[in-house]
Amino acid sequence: MKTRIHAAEIDDPSMVDEEEIRQSPFWDWDFAFDAFPDIFMAFVEVTLLVTVIGSLVAAVLGLVIAILIMVLPKPLAWVVRWVANFIRMTPIVVQLIFVFWAFVWMDALTIGIIVFGVHYATYMSEVYRAGIESVPKGQWEATTALSMSAGRIWRKVVIPQALRSTVPSLGNYAISMFKDTPFLLVIGVAEMVTVAGERGAPVFRTTEVYTIAGLLFLAASYPTAVLINRLEKRLAYAH
Amino acid sequence: MPTPTDAAGIDTEAAASSSPPDTPVIEFVDVEKSFGSNVVLKDLNFQVAQGERVTLIGPSGSGKTTILRLVMTLEELTGGYIYIDGEPLTHENRDGKRVPVSKKEQKKLRTRIGMVFQQFNLFPNMTVLENIIEAPIHVLGQTKKDAIAKAHSLLDQVGLPDKADAHPSSLSGGQQQRVAIARALAMDPEILLLDEVTSALDPEVVDDVLNILRQVADTTNVTMLIVTHEMGFARDVSHKVMMFDGGHVVEEGPPDKIFTNPEQERTRKFLSAVLGH
């Protein structure tokens, strides 16, 4: 996968008459159509990829963290909780830079996915914790009365009931992660907004490229939000 | 008002229970339970024999429900010992020292005990059938086919043959409680704990649920420990009634005696308050 897309390859800025650019209209459709494919490819290849894989990592790891804090012996649970607190309470930009330089041999895109996944896992673990705590005490008592194994209790009773109330919040964190992806520029990953800037800079045009980037964000976020809403309703009806 | 059939039922039970060696099914020895500084039960000693049905009555806060919850290991025992079939449930007495039993041992004993709760506690994310077959398959190791067949016959027994695929939320309270009874019975418990099973139900469905339990009492030899405010039911099904107050047994005896001719003034007062005369 290409991690850098050079917008300047297409137009050589030295060939462009600056006066002409400044006098050109506010919105240039030709340029917009010209720039769109690059921006869109960066959107799919970086922004979406990081969000989708990062969200999956966060959703799974978040659940693991939440369960570990509940089932581990106290001192260990305390350690997990404070590591999670530390990650949650420090800025993701700092984490990106730190991990990028601590693991210089790793591909920047992989680092991006891991940092986003772990960072948001610490948020999602809190959502799961609230979901797990919302499972009524009587449910746990019924599992004891039936002598169910810990594995079956979690998999068949607690997690399914906890998830019902967590879906909207988890979805919102996934959308937050999506909107945080431009931070990837600090470790040199050419995600959509960076590419948009690179595409516009040589010709001193910014309106088109950033509008396209913004609309692409909206085009992905909005349907996702609607989907989460639907899913939430469906889960509510199922019980 | 014992009917002749009830009396006959009790007689046969009594005869059956005297034949095996007399290890009590449930035995409380010097049981003490406190929540923080609040002592709920103190120096409690009693035994329940095989097939015996014992009803615990008394004012709320007298510790009846706590006794059931201790047997089901839903509460931690803070003193003394509970034995199930002669085996220690939570702690064993090793030369006067209270030593906790292993989780594994406790779990093995616990599979012999079933409980029906006031609030049903069915799993809302499972169908009625899934609720019933979960533990028989994954705890007792029954085959899915056997568990399903048994579940259907239990659903017939509780009068809900066509509700196997329903979700608990689509059932009324009375129906949910009947499913909960079927779920407990699916484990073939040796001991069935009934914790105010009709207290959360609409008055008109209370009798449906009680009749099913009467039938279970008549057709099986399951040992029952019952907490209820339904005195008519207590009188019909139990061999023994224990009156509790303040964590102590005030009085115990056969239902006829306790309900018609109690020895203790405290029992008399409680019964007249509950029965409304």
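Going residue by residue through the range A:67-79, is there one that turns out to be surrounded by 18 or more Cβ atoms within 10 Å (Cβ to Cβ) and without any contact (Cβ under 8 Å) to a residue 60 or more places away in the chain? No, the range A:67-79 has no match at all.
Which of the residues spanning the range A:181-224 are assigned to a helix (DSSP H, G or I) and of a type in the set (Ser, Thr, Tyr)? Walk me through it before giving the result.
Kept after step one, since they are assigned to a helix (DSSP H, G or I), are these residues of the range A:181-224: A:181-187, A:192-203, A:207-224.
Within the range A:181-224, A:Thr181, A:Thr194, A:Thr207, A:Tyr210, A:Thr211, A:Ser221, A:Tyr222, A:Thr224 meet the criteria.
Pairing each residue of the range A:92-116 that is under 19 Å from A:Glu45 (Cβ atoms) with any residue that is of a type in the set (S, T, N, Q) and at pLDDT below 95, provided the two are 6+ apart or on different chains, yields C-beta distances under 7 Å for A:Ala108/A:Thr3; A:Leu109/A:Thr3. Of all the criteria given as (1) loosely packed, with under 14 Cβ neighbours inside 10 Å; (2) at pLDDT 95 or above, the one not satisfied by B:Gly232 is (2).
Can you tell which of B:Ile67, B:Ile132 is in contact with a helix residue (DSSP H, G or I) (Cβ under 8 Å, 6 or more places away or on another chain) and of a type outside the set (Asp, Glu)? Give the steps one after another, and end with the answer.
Numbers: B:Ile67 fails: in contact with a helix residue (DSSP H, G or I) (Cβ under 8 Å, 6 or more places away or on another chain).
Going through B:Ile67, B:Ile132 in turn, just one is in contact with a helix residue (DSSP H, G or I) (Cβ under 8 Å, 6 or more places away or on another chain) and of a type outside the set (Asp, Glu): B:Ile132.
Residue-by-condition table, conditions (1) in contact with a Pro (Cβ under 9 Å, 6 or more places away or on another chain); (2) crowded, with 18+ Cβ neighbours inside 10 Å; (3) over 30 Å from B:Leu70 (Cβ atoms):
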site	(1), (2), (3)
A:Pro168	no, no, yes
A:Asn172	no, no, yes
A:Val186	no, no, yes
A:Met192	yes, yes, yes
A:Ala201	yes, no, yes
A:Gly214	no, no, yes
A:Pro223	no, no, yes
A:Asn229	yes, no, yes
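Is there a residue being over 22 Å from A:Val158 (Cβ atoms) and crowded, with 18+ Cβ neighbours inside 10 Å anywhere in the range B:92-112? The answer is yes; a qualifying residue exists.
Output the residues belonging to the range A:132-144 that are part of a helix (DSSP H, G or I) and within 13 Å of chain B (Cβ to nearest Cβ). Selection gives A:Lys137, A:Gly138, A:Gln139, A:Trp140, A:Glu141, A:Ala142, A:Thr143, A:Thr144. Only one of the listed residues (B:Ala200, B:Ala184, B:Ala217) is over 15 Å from B:Glu52 (Cβ atoms) and buried (at least 23 other Cβ atoms within 10 Å of the Cβ). That residue is B:Ala184.
Taking the stated definitions as given, is A:Val127 under 21 Å from the mean Cα position of the chain (by Cα), over 18 Å from A:Val80 (Cβ atoms), part of a helix (DSSP H, G or I) and among the aliphatic types (A, V, I, L, M)? So A:Val127 fails the test. Counting the residues of the range B:79-119 that are touching a helix residue (DSSP H, G or I) at 6+ places or on another chain (Cβ under 7 Å), within 12 Å of chain A (Cβ to nearest Cβ) and aliphatic (A, V, I, L, M) gives 3.
For A:Gly117, indicate whether it is of a type in the set (Gly, Ala, Ser) and in contact with a Lys or Arg (Cβ under 8 Å, 6 or more places away or on another chain). Before the answer, list the steps.
Working: of a type in the set (Gly, Ala, Ser): yes; in contact with a Lys or Arg (Cβ under 8 Å, 6 or more places away or on another chain): no.
The answer is no for A:Gly117.
Of the residues making up the range A:145-171, those that are among the charged types (D, E, K, R) and within 10 Å of chain B (Cβ to nearest Cβ) are A:Arg152, A:Lys156, A:Arg164.
Among the residues that make up the range A:51-64, is at least one of them over 19 Å from A:Met177 (Cβ atoms) and more than 14 Å from chain B (Cβ to nearest Cβ)?
Applying the first criterion (over 19 Å from A:Met177 (Cβ atoms)) to the range A:51-64 yields none.
Scanning the range A:51-64, I find no residue that is over 19 Å from A:Met177 (Cβ atoms) and more than 14 Å from chain B (Cβ to nearest Cβ), so the answer is no.
Taking the numbered list (1) in contact with a strand residue (DSSP E or B) (Cβ under 9 Å, 6 or more places away or on another chain); (2) assigned to a helix (DSSP H, G or I) in turn, A:Ser147 passes all entries but (2).
Taking only the range B:164-176 into account, find how many residues are surrounded by 15 or more Cβ atoms within 10 Å (Cβ to Cβ) and within 13 Å of another protein chain (Cβ to nearest Cβ). Qualifying residue count, the range B:164-176: 5. If B:Pro189 satisfies all but one of (1) crowded, with 18+ Cβ neighbours inside 10 Å; (2) touching a residue at least 24 places away in the same chain (Cβ under 8 Å); (3) within 14 Å of chain A (Cβ to nearest Cβ); (4) in contact with a helix residue (DSSP H, G or I) (Cβ under 8 Å, 6 or more places away or on another chain), what's the number of the condition it fails? B:Pro189 satisfies all of (1) crowded, with 18+ Cβ neighbours inside 10 Å; (2) touching a residue at least 24 places away in the same chain (Cβ under 8 Å); (3) within 14 Å of chain A (Cβ to nearest Cβ); (4) in contact with a helix residue (DSSP H, G or I) (Cβ under 8 Å, 6 or more places away or on another chain) except (4).
Screening the range B:131-154 for residues that are surrounded by fewer than 18 Cβ atoms within 10 Å (Cβ to Cβ) and not in a helix (DSSP H, G or I) and picking the one that is nearest to the other protein chains (Cβ to nearest Cβ) gives B:Val139. Only strands (runs of 3 or more DSSP E) whose full extent lies in the range B:31-84 are considered here, and the ones with at least 1 residues that are without any contact (Cβ under 8 Å) to a residue 60 or more places away in the chain are B:38-48, B:79-84. Residues in the range B:90-116 that are in contact with a Leu (Cβ under 9 Å, 6 or more places away or on another chain) and in a loop (DSSP other than H, G, I, E, B) were compared, and the one that is nearest to B:Ala164 (Cα to Cα) is B:Thr111.
Can you name the number of the only condition in (1) surrounded by fewer than 21 Cβ atoms within 10 Å (Cβ to Cβ); (2) under 27 Å from A:Ala130 (Cβ atoms); (3) touching a residue at least 12 places away in the same chain (Cβ under 8 Å) that A:Val157 fails? The failed condition is (1).
For B:Gln119, the test of being under 16 Å from A:Glu141 (Cβ atoms) and part of a loop (DSSP other than H, G, I, E, B) is passed. Of the residues making up the range B:70-81, one or more are modelled with pLDDT of 90 or more, under 19 Å from the mean Cα position of the chain (by Cα), on the phi > 0 side of the Ramachandran plot and of a type in the set (Ser, Thr, Tyr). Checking every residue in the range B:55-75 against the condition of being of a type outside the set (Phe, Trp, Tyr), surrounded by fewer than 22 Cβ atoms within 10 Å (Cβ to Cβ) and touching a Pro at 6+ places or on another chain (Cβ under 6 Å) gives zero matches.
Kindly provide the set of residues from the range B:1-34 that are at pLDDT 90 or above and either touching a Phe, Trp or Tyr at 6+ places or on another chain (Cβ under 6 Å) or not acidic (Asp, Glu) (or both), ordered by number. Working first, answer last.
As a first pass, look at the range B:1-34 and keep what is at pLDDT 90 or above: B:24-34.
Answer for the range B:1-34, where residues must be at pLDDT 90 or above and either touching a Phe, Trp or Tyr at 6+ places or on another chain (Cβ under 6 Å) or not acidic (Asp, Glu) (or both): B:Pro24, B:Val25, B:Ile26, B:Glu27, B:Phe28, B:Val29, B:Val31, B:Lys33, B:Ser34.
The values are calculated or read from the model by the stated rules, or taken from the named source; none is laboratory data. For clarity, every value in this text was computed on a predicted model and none was experimentally measured. Note: ideal-geometry Cβ built from the backbone for every residue, glycine included; neighbour counts use all protein chains shown.
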